Structures are given as structure tokens and as C-alpha cells.
1. Of these, GLU2, GLU72, GLU48, which one is touching a residue at least 60 places away in the same chain (Cβ under 8 Å) and under 30 Å from ALA360 (Cα atoms)?
2. With respect to the numbered conditions (1) surrounded by fewer than 24 Cβ atoms within 10 Å (Cβ to Cβ); (2) under 23 Å from ASN150 (Cβ atoms); (3) away from the ligand (no atom under 16 Å from the Cβ), which one is the sole condition not fulfilled by LEU222?
3. Would you mind stating whether LEU307 is buried (at least 20 other Cβ atoms within 10 Å of the Cβ) and part of a loop (DSSP other than H, G, I, E, B)?
4. Determine, yes or no, whether ASN315 is surrounded by fewer than 20 Cβ atoms within 10 Å (Cβ to Cβ), under 25 Å from PHE18 (Cβ atoms), in contact (Cβ under 8 Å) with a residue 12 or more places away in the chain and not assigned by TED's automatic domain parsing to the domain that holds GLU47.
5. Looking for whichever is free of Cβ contacts under 8 Å to residues at least 60 places away in the same chain, in a helix (DSSP H, G or I), out of contact with any strand residue (DSSP E or B) (no Cβ under 7 Å at 6 or more places or on another chain) and crowded, with 20+ Cβ neighbours inside 10 Å here; the options are ALA345, ALA367. Which one fits?
6. Report the residue count in segment 196-208 for those that are under 11 Å from the mean Cα position of the chain (by Cα) and of a type outside the set (Val, Ile, Thr).
7. Tally time: how many residues in segment 187-208 are part of a helix (DSSP H, G or I) and within 14 Å of the ligand (Cβ to nearest atom)?
8. Please state which one of VAL46, VAL94 is at pLDDT 95 or above, open to solvent by less than 30 Å² (accessible area, probe 1.4 Å) and within 16 Å of the ligand (Cβ to nearest atom).
Amino acid sequence: MEAYLDCNSTTPLDPRVFEAMKPFLTGRFGNASSFHQKGQAARHGVEEAREKIADFLGVEPGDLVFTSGGTEADNLAVKGAMESLGPKRRHLVVSAIEHQAVLDAARNLKEKGYAVTFVPAGADGVVKPDAIKNAVTDQTALVSVMHANNETGAIQPVQEISKIARARGALFHTDAVQSLGKIPIDIEAIGADLLSVSAHKIYGPKGAGALYIRKGVKLKALTHGGHQEKNIRPGTENVAGIVGFGKAVELVAGQYQKDMEKARALRDRLEKELLKKLAPVRVNGDEARRVPNTLNVSFEGLDGETLLMNLDLKNIYVSTGSACTAGSVEPSHVLLAMGIPEGLARAAIRFSLGRFTTEAEIDYALAEIPPIVERLRKAATHAH
Ligand SMILES: Cc1ncc(COP(=O)(O)O)c(C=O)c1O
């Protein structure tokens, strides 16, 4: 038996997506920029995918640029926007709970001489609009705050934040990699000028993503080469990946509410029983305003990395938000930015469910986790 409870890291490819991709990995192998029939067959696949994604996001196909994933979309948004704006606006505001793709792009800009403000979140994992208001100035070019956090699932008040940014003449970018397929995305209501998405979090292939760019917003390309994707993202298109992304979005459009209803019921059951059996357990992130598939908990008194490895031995796959830097394990930057003490941050585990998560997997996890946690807690007490 195994339980894959790490869908925020990546999801399995939906078999229907695989079927849609296959022709583009075999007979329809043309270069989408070639004028002959083989090229046009590939071009058709790319443009059909663009239409499907645009349709679901309620934008025009021409507003989307395909990228190699969420990381590149985030980099293109943050660096591309900052570097295309003039000397009057050299200030960037990002939340401290962003994915590394945004945070590291921001740090890179800082090294280049841009002013950057990192805004922490509240204890509930939510970035407060007032904190953004205090950070934004007339020199701010861009504000970047994610739609839903990958570690806690906390949904951010992007609508209010975009209003604050735009009122000061700044652009607003949101990383919607973890909200796509989980909660509705209404780009107009959010007020996003730039929005990042990725295929492999929604049962599509790895290495495909897109950036929505509002008409009139100028971005400086990060790479240089051919004329693909309006010169913003040159390079021969990942045709099969893009086709798979389009199919994955089409499937999300038809069934994400149903998928998430199921995931929510299973997540809630997992949470309730873990809290009951293993107190003290702390839920990290706003319980009411969370994407339905995510549960981040700290098992007080033990180390999350150790728990992860022990669960792995039982074929239960979860995640910690910690990062390995220079050989030592650093606790999650997201939990620390919420003001969670280091010990509790180190005790955190993220469970993330999806379309294919079964009742049997949750049963299995609930049977295996309690004795492991109890054993590790005992061992930790003896060690002290
Ligand atoms: C919020 C968020 N942004 C960006 C990314 C990066 O996306 P990709 O893996 O497609 O580069 C991820 C994936 O881990 C994510 O969770």
C-alpha cells in the first residue's frame, strides 16, 4: 500500500492528458514555426491549447505566453517587469511567503541595485493588505503576492492588495500556481496585470507553464533568440507539453469543483483524526481561508524531516517546507515569515491531496502515522 499525499509538489499525469500529448511526441513532431504541414500541425496544437487556457482564465489567447513552468513565469513577471520600467520606479514589493521563484528573483534584483521590500504574513499565513499599503510608495513598480500559498494553502487577499498597488501606479503580479484547479481564478476581479500558472500541479506534464500579461504591460525578455511567443520567450515551443497543459486545463474546467469537494472531505477527515489522536498538533495557516486540498500541521515535539523519512519507509509521501542549504536543513521560510517559532516550524508536515487521492490512502495514512509519531516523540524525549 502507498499514499501519495504530496500533490502540491507535483501531481500524476492524468491518463487523458497523456493521450492528448502522444501524437505530438510521435507523428506530429513538427516545429511550430515551420511553414509546412508538419509545422502547422504542431502550431495548431499550441494555439488550441492557448485558447483552452485563455478560455478558462477568461482572457484572450494573445494575453498568454508559454514558459517552461511556474518558475520561469514568475521570473519573467518579476524581473521582466522591473527591468522594463524606467529609473523612476525601481522599488519592488513581494511577500515573504512567496515561492522561491519570486523570492530569489527579488533577491537577484536587489543585488543589481533595485530596492526591495519583503512583507511578512500574519500568524494565520495571510499577508495583510495594510502591511502592503505601508510598503508601497510612488517609486514602487511592482507588487507580487501569491494567490494561494503552496505550504499552508492560505488564500491571500489579492483583490485588496492589487487595488493598493494600482492606486499607487504599480503593477500587480500574482503567482496562481497553487490556486489553479483548486479555487476560482477571476483575473479581472483579482486585478492582476501578470499571473503565473504551471501544468504539473494540475495533472499536466512537468516543464510547461504560462504567464498572463495584461495588454499594454511591457516586459523585458530574460532570454534572447527566435521570435517565438512575441519575442518575450524565444525558443522552439515545447509542443507536447503545451498540448498537455491545454488538456489538463480543459479537464480542470470540467471537474475541479468535484475534485476539490472530494479532496476537502478527505483532508478534513485526515485533519480531524490527526488532531484527535496526536495532540498537541497545530494547524498552520488560516483554517477557514485555505485551498481545499492542503493540510499543514506541526506535530509538537518532533522533527518534520525525521517524520517524513519514516513515512517514506511506509510509502507515505508528504513534504516539509524546509530547504537544504549548505548541508543543513533550514525550517520553512513561509512558517518563519508567519512568526511561528523555529521548533514548531521544524515540526511541520504538509499533506496535499488531489484528484486521484482515495479513501483507502487516507485510511492507510491514518493507520500508519499515529504509531510512528508516538515512537518518534518518545525517542525525542529520551534524547533530551
Ligand atoms: C506557488 C508556486 N510557484 C511556483 C512554483 C514553481 O513552478 P514550476 O515547478 O512549474 O517551476 C511552484 C511549484 O513548486 C509553486 O508551488
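The values are calculated or read from the model by the stated rules, or taken from the named source; none is laboratory data. Only a predicted model underlies this, so the values are computations on that prediction, with no experimental measurement involved. Every residue, glycine as well, gets a Cβ built from its backbone with ideal geometry; the counts of neighbours run over all protein chains shown. For accessibility, only protein heavy atoms count, side chains too; no ligands or nucleic acids. Shrake-Rupley method; radii C 1.70, N 1.55, O 1.52, S 1.80 Å.
1. Step by step, each of GLU2, GLU72, GLU48 is checked, and only GLU2 is touching a residue at least 60 places away in the same chain (Cβ under 8 Å) and under 30 Å from ALA360 (Cα atoms).
2. Failed condition: (3).
3. no
4. yes
5. ALA345
6. Number of matching residues: 5.
7. 3
8. VAL94
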